[in-house]
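Before any comments, here is the structure.
The values are calculated or read from the model by the stated rules, or taken from the named source; none is laboratory data. Since this is a predicted model, take the numbers as computed values, not measurements. We place every Cβ from the backbone using ideal geometry, glycine too, and count neighbours over all the protein chains shown.
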Amino acid sequence: MNSTFFGLELSRRALESQQVALNITGHNIANANTQGYTRQIANLTATMPDTLPAMGRNLSLGSGVTLDTITRARDSFVDRQFRSETSKQSYWTAKQDSLTKVEDIINEPSDNSLSNDMNQFWTAWSDLSKGPENSGARSVVRERTLTLTDSLHAISTQISDRQNDLDSQVNVQISQINVYANQIKDINDQIKRAEVSGDNPNDLRDSRDSLVDGLSKLVNVRVTETKDPNFTDRQVNIYRVDIGDPAQTLVDDGVASELEGVNAATGLGGNGITVVQWKDSNNNHNAGDSLVLGQALGTLQANIETRDTFLTALQGKYDTLAKGIVTAVNELHQAGTTGTGTTNVSFFDANNLTASTISLDGSITADINNIVTGAGASGDGSIATAISSLSSGWSSLIAASQVANKTTYGTSLGDYYGSTVAQLGVDVQQANRMKAGEDVLLTNVTNQRESNSGVSLDEEMTNLVKFQKSYSAAARMVTMMDDMLSTIMNMGITR
Amino acid sequence: MLSQNLLRNLESAQGRMDQLQNQLSSGHRINRPSDDPVGIQNAMRLKSNISSVEQWKSNANEALDYMNTADSTLGDMTSMLQRVRELTVQGANGTLATVDKGAIADEVDQISNQLKMMANTQVGSKYIFSGTATDKELIPLDGSVSQANGMPVNFEVGNNLSIDVSVSGQNLFGNSTSGVLATLNNLSADLRSGNSVGVNSALGNIDANIDNVVTLRAGLGARTNRMTALQAQLDYTSGNLQDNLSSIQDADMATSITDFTNAQNVYKAALSVGAKIIQPSLVDFMR
């Protein structure tokens, strides 16, 4: 026979457990809008039953309820998907962002674009060809040329500024990764201490997951959680974070490796280019190894690619264009004679063959009469005509140059520039489409995660009612026990 | 989750409206290279063509000015030489008094002077009969040696197409033995000296000179016709290219406005549905 007070004890446990469950519900409601919060669940279990021997056999008598554990509603598989999609989505977002900015820089199509400047440059020559003795037309040629060179300079400067921006972003991201690494390491320590004492630190785990989510925007992340073999009687985990592809350990339990930026190469216009490498050794990398990033994963990767490959190639195209303009115009210009009989005069400075340096020859800057229009006679516009016809092709050049230019530039300089712009358009379009696609995928995974881990207020309100009713019922039980005990106490007393 | 989806849908509806708004307010379908990479390349090529064609049109207009001036000068020359021919016939009359012959010689001299003026006709600051040496007179009034040349003055009026707009002054006025001015000088001298044989033989030279002017004028006329035809053709080409450009880069207003209204309706619907979704939860229904 068990104790008379058994029922009171059972009710007390019930009250206690329901109260904790109510508190947990309250915690969930309070954090309904907290970023990275995971819904917590009170796992109530029946306590060990008492065994009653009765008539030669045993009966298990339920002894009530107790709070077993408080766990998070979390699915690590969805987490992994979420992080992998985040990396991809961030890559394309960063790429789209950079490329759109480049698109803004080149400002095509508009009335103030480089193609417009080029067209005006060619027509100025055609205008000059019909009135070579007209110093007004000469000035126009010089001014249009300055507009053209200024545009090229401006674009070139902006491309190299953009590269510089991206480089500083890379540096910022390196320190962000380091901060994440150290924070994850610290939380690992805290969680471990809690786990060793048998605790299940849900909110610390939420913070750690949030940090890893943040990290997955910068680089691709792989998390491995294994059981610590040193503890056999309780669940203690080793938490390891690898980044990049192949995986390189960033945090291994209580040890974080840091990254550092090394200024290794020279970029456009004397820009520094930061190369990312490991500062410390860890499982699978040594200090000084460079960080290997995967394919199209994370903003860091996007920034490095745009900085090193895309912008350099784009600048290269502008340089080639500038070189083409300088050499073709000069070839024709040098073949003619000025009004004063000078031959072999350059129109552009033949030493400056890049978009950032292209400039008029000193003699043209000094005197517009040094602009060659023909074979010397004041009304001869043959050379000017030849230069203006460069707008549509190479037929005015000597045969060897025609072949060489055709190989490099195609039909004409304008065409070459057109295809450069079109190529950029295709790149931006690809980034736009990829980003739109990744947005959808990420949304799907986020929704999946939310439906699993998110707080639904309706559900919590239902729980609230449920636990509250249970609590009331348990309290009623105590009252009932009290009544019962009073009955016992009053037994045998005569009034 | 609902509210996140709602936000995302609202954003995308807004994004569509923004894009259409851009198209409508700029009138262009292509506002950045990524809107249509192939289209923009074509548009840039067309723009470049249009700017060339416009320039050729302006060149052709100026060329026609130039040619018309040359043509009317040649016309004047012909009529003057006709007058000289009349005078020559008159002067060949043996019964004419010396004084009258002198008067005829005076008129011939005047015409000769007038022709020299014509040789130095200018359009703007250009001497049109001096070849490419447009800053030099064909027949310097100070009597110095002519620095003019017989090179063609070419105007660019098409892709690799240049047309000579000038008449060579050297061909027109000829050399110092059989040229127009030499003929007139000899004629004048013969008239004054009473050399009737010389006067008679001048008639043949004048006919040859008139023939020469008429031939050159016919050549110029043919080129003027060609230039006029080219000008009309360039006008047509320019219109064509503008049409092409417009079909590539301009927004179709009717479609864009319809799309915009559509997008606006979607946005409004999303907003009103959103207002209904966000509000209720079990909390509202519990006492």
Hits in the range B:130-161 (condition: free of Cβ contacts under 8 Å to residues at least 12 places away in the same chain and closer than 12 Å to residue A:380 by Cβ): B:135, B:154
Given (1) crowded, with 20+ Cβ neighbours inside 10 Å; (2) at negative phi, index of the condition residue B:131 fails: (2)
Lone unmet requirement of (1) farther than 25 Å from residue B:161 by Cα; (2) free of Cβ contacts under 8 Å to residues at least 60 places away in the same chain; (3) in contact with a helix residue (DSSP H, G or I) (Cβ under 6 Å, 6 or more places away or on another chain) for residue B:44: (1)
Among residues of the range A:100-143, those that are facing another protein chain (nearest Cβ under 7 Å) and acidic (Asp, Glu), counted: 4
The range A:229-245 residues that are touching a residue at least 40 places away in the same chain (Cβ under 8 Å), paired with ones that are β-branched (Val, Ile, Thr) and in a loop (DSSP other than H, G, I, E, B) (beta carbon under 6 Å, 6 or more apart): A:243/A:219; A:244/A:292
Residues satisfying the stated conditions in the range A:145-166, i.e. buried (at least 21 other Cβ atoms within 10 Å of the Cβ) and charged (D, E, K, R): A:162
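Have a look at A:117, A:75 and point out the one that is more than 30 Å from residue A:396 (Cα to Cα) and surrounded by fewer than 21 Cβ atoms within 10 Å (Cβ to Cβ). So that I can check it myself, show each step before the final result.
On the way: A:117 fails: more than 30 Å from residue A:396 (Cα to Cα).
Unique residue meeting the criteria: A:75.
Can you say whether residue A:36 is part of a helix (DSSP H, G or I), surrounded by 13 or more Cβ atoms within 10 Å (Cβ to Cβ) and at pLDDT below 90, as far as the supplied structure shows?
Numbers: part of a helix (DSSP H, G or I): no; surrounded by 13 or more Cβ atoms within 10 Å (Cβ to Cβ): yes; at pLDDT below 90: yes.
Spelling it out, it is not the case that residue A:36 is part of a helix (DSSP H, G or I), surrounded by 13 or more Cβ atoms within 10 Å (Cβ to Cβ) and at pLDDT below 90.
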Within the range A:175-206, considering residues that are of a type in the set (Ser, Thr, Tyr) and surrounded by fewer than 18 Cβ atoms within 10 Å (Cβ to Cβ), the one nearest to the chain's Cα centre (by Cα): A:175
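Restricting the range B:52-80 to residues that are within 7 Å of chain A (Cβ to nearest Cβ) and crowded, with 20+ Cβ neighbours inside 10 Å, which is nearest to the chain's Cα centre (by Cα)? Working first, answer last.
Going residue by residue through the range B:52-80, those that are within 7 Å of chain A (Cβ to nearest Cβ) are B:52, B:55, B:59, B:62.
Checking the rest, the ones that are also crowded, with 20+ Cβ neighbours inside 10 Å come to B:52, B:55, B:59.
Working: B:52: 12, B:55: 8, B:59: 3 Å.
Here the residue is B:59.
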Odd one out for residue A:488, checked against (1) more than 10 Å from chain B (Cβ to nearest Cβ); (2) of a type in the set (Val, Ile, Thr); (3) within 24 Å of residue A:73 (Cα to Cα): (3)
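So which of B:79, B:72, B:130, B:112 is over 30 Å from residue B:239 (Cβ atoms), at pLDDT below 90 and not charged (D, E, K, R)? First the steps, then the outcome.
Details: B:79 fails: at pLDDT below 90; B:72 fails: at pLDDT below 90; B:112 fails: at pLDDT below 90.
Answer to the selection: B:130.
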Single residue of the range A:429-452 satisfying the filter (buried (at least 18 other Cβ atoms within 10 Å of the Cβ) and among the aliphatic types (A, V, I, L, M)) that is nearest to the other protein chains (Cβ to nearest Cβ): A:431
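Return yes when residue A:458 is of a type in the set (D, E, K, R), part of a helix (DSSP H, G or I), touching a Leu at 6+ places or on another chain (Cβ under 7 Å) and buried (at least 19 other Cβ atoms within 10 Å of the Cβ) and no when it is not.
Working: of a type in the set (D, E, K, R): yes; part of a helix (DSSP H, G or I): yes; touching a Leu at 6+ places or on another chain (Cβ under 7 Å): yes; buried (at least 19 other Cβ atoms within 10 Å of the Cβ): no.
For residue A:458, the condition - of a type in the set (D, E, K, R), part of a helix (DSSP H, G or I), touching a Leu at 6+ places or on another chain (Cβ under 7 Å) and buried (at least 19 other Cβ atoms within 10 Å of the Cβ) - is not met.
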Subset of the range B:26-51 [within 30 Å of the chain's Cα centre (by Cα) and facing chain A (nearest Cβ under 7 Å)]: B:40, B:41, B:43, B:44, B:45, B:47, B:48, B:51
Entirely in the range B:168-287, the helices (runs of 4 or more DSSP H) that have 2 or more residues that are surrounded by 13 or more Cβ atoms within 10 Å (Cβ to Cβ), in contact with a helix residue (DSSP H, G or I) (Cβ under 9 Å, 6 or more places away or on another chain) and among the aromatic types (Phe, Trp, Tyr): B:253-278
Test: residue A:167 is more than 14 Å from every other protein chain (Cβ to nearest Cβ), in contact (Cβ under 8 Å) with a residue 60 or more places away in the chain, in contact with a helix residue (DSSP H, G or I) (Cβ under 9 Å, 6 or more places away or on another chain) and of a type in the set (D, E, K, R): yes
Qualifying residue in the range B:142-151 (condition: within 12 Å of another protein chain (Cβ to nearest Cβ) and assigned to a strand (DSSP E or B)): no
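Given the criterion at pLDDT below 90 and either more than 10 Å from every other protein chain (Cβ to nearest Cβ) or farther than 30 Å from residue A:24 by Cβ (or both), identify the matching residue among A:426, A:455. Spell out the reasoning first.
Numbers: A:426 fails: at pLDDT below 90.
Only one candidate passes the filter, namely A:455.
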Matching residues in the range A:264-287 - criterion: being over 22 Å from the mean Cα position of the chain (by Cα), modelled with pLDDT of 85 or more and closer than 29 Å to residue A:160 by Cβ: A:279
Close pairs (6 angstrom Cβ cut-off, 6 or more residues apart or separate chains): aliphatic (A, V, I, L, M) in the range A:188-213, surrounded by fewer than 17 Cβ atoms within 10 Å (Cβ to Cβ) anywhere: A:204/A:190
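Being in a helix (DSSP H, G or I), surrounded by fewer than 20 Cβ atoms within 10 Å (Cβ to Cβ) and within 14 Å of chain B (Cβ to nearest Cβ) is the filter here; which residues of the range A:357-406 pass it? Show your work before the answer.
Of all residues in the range A:357-406, those in a helix (DSSP H, G or I) come to A:362-366, A:368-370, A:382-391, A:399-406.
Those left that are additionally surrounded by fewer than 20 Cβ atoms within 10 Å (Cβ to Cβ): A:362-363, A:365-366, A:368-369, A:399-404, A:406.
The answer is A:369, A:402.
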Lone unmet requirement of (1) within 21 Å of residue A:446 (Cα to Cα); (2) in contact with a Ser or Thr (Cβ under 9 Å, 6 or more places away or on another chain) for residue A:208: (2)
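In the range A:33-68, which residues are under 30 Å from residue A:216 (Cα atoms) and touching a strand residue (DSSP E or B) at 6+ places or on another chain (Cβ under 8 Å)?
Here is the first cut: in the range A:33-68, the ones under 30 Å from residue A:216 (Cα atoms) are A:33-41.
Correct list: A:38, A:39, A:40, A:41.
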Qualifying residue in the range B:10-24 (condition: at the interface with another protein chain (Cβ under 9 Å from one of its Cβ atoms) and among the hydrophobic types (A, V, I, L, M, F, W, C)): no
Residue A:88 vs. criteria within 14 Å of chain B (Cβ to nearest Cβ), closer than 24 Å to residue A:294 by Cβ and in contact with a helix residue (DSSP H, G or I) (Cβ under 8 Å, 6 or more places away or on another chain): no
